[in-house]
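The values are calculated or read from the model by the stated rules, or taken from the named source; none is laboratory data. Worth saying up front: this structure is predicted, and the values here are computed from it rather than measured. Backbone-built Cβ (ideal geometry, glycine too); neighbour counts: all protein chains shown. Keep in mind that these areas ignore ligands, DNA and RNA; they rest on the heavy atoms of the full protein, side chains included. Shrake-Rupley method; radii C 1.70, N 1.55, O 1.52, S 1.80 Å.
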Amino acid sequence: MKPALLAKHIADLTLSKKAQDVVLMNLRGLSSVTDFFVICSADSDTQVRAIAAAVEDGLKLKGERPYQVERGSPNWVVVDYVDVVLHVFHKSTRPFYNLEKLWGDAVISHVEDTPIAPAKKPAAEKRSATAKKPTAAKKSTPAKKPAAKKKAAPKKKATAAPAKPRSPRRKIAS
């Protein structure tokens, strides 16, 4: 895979795990070590590992394997594909290293996560989608008459025996 295409694919894979502030840095002519840096940030250490793992797994499906992976710190993972190097930083660690400033002569492009727009339906399909769909024929059964409500008999007032007067409480001498 060509380095520019690989870098773009890596950036897309980082965005699939909700990476933030994804930057592609073109280092051609500035470095003999690599052609591109892909730099991104994550909200947590777990997300840093998840982004790096998603890139590794996604590129393995394309037949690309990393030359080296550095997971020495929970705040920063480096995945080296020789022509493209991925840096996944925790959002609090990235400003400290500030690779964008260190490689200030590089051409930097920000990669945005663009939602996929739903495909537009042709006019013929739109009409058919709004047309009333035929319903399956139901077996005809004779309609049942609703059950008549039974009238409740009037309640009789209960005649209770007169209450007995309560005896006063007595104090027990101790």
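For this structure, a couple of remarks:
- Test result for residue 33, open to solvent by 70 Å² or more (accessible area, probe 1.4 Å), without any contact (Cβ under 8 Å) to a residue 60 or more places away in the chain and under 21 Å from residue 99 (Cα atoms): yes
- When the criteria are applied in full, residue 43 meets the requirement of being closer than 19 Å to residue 71 by Cα and among the charged types (D, E, K, R).
The rows are residues; the columns are (1) farther than 18 Å from residue 109 by Cα; (2) open to solvent by 10 Å² or more (accessible area, probe 1.4 Å); (3) among the aromatic types (Phe, Trp, Tyr).
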position: 47; (1), (2), (3): yes, yes, no
position: 74; (1), (2), (3): yes, yes, no
position: 77; (1), (2), (3): yes, no, no
position: 83; (1), (2), (3): no, yes, no
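- Taken over region 85-102, the criterion of being open to solvent by less than 80 Å² (accessible area, probe 1.4 Å) and over 15 Å from residue 21 (Cα atoms) is satisfied by 85 alone.
- Criterion (under 19 Å from the mean Cα position of the chain (by Cα) and not aliphatic (A, V, I, L, M)) met by exactly one of 44, 32, 73: 44
- Filter result for residue 117 (modelled with pLDDT under 60, in a helix (DSSP H, G or I) and among the aliphatic types (A, V, I, L, M)): no
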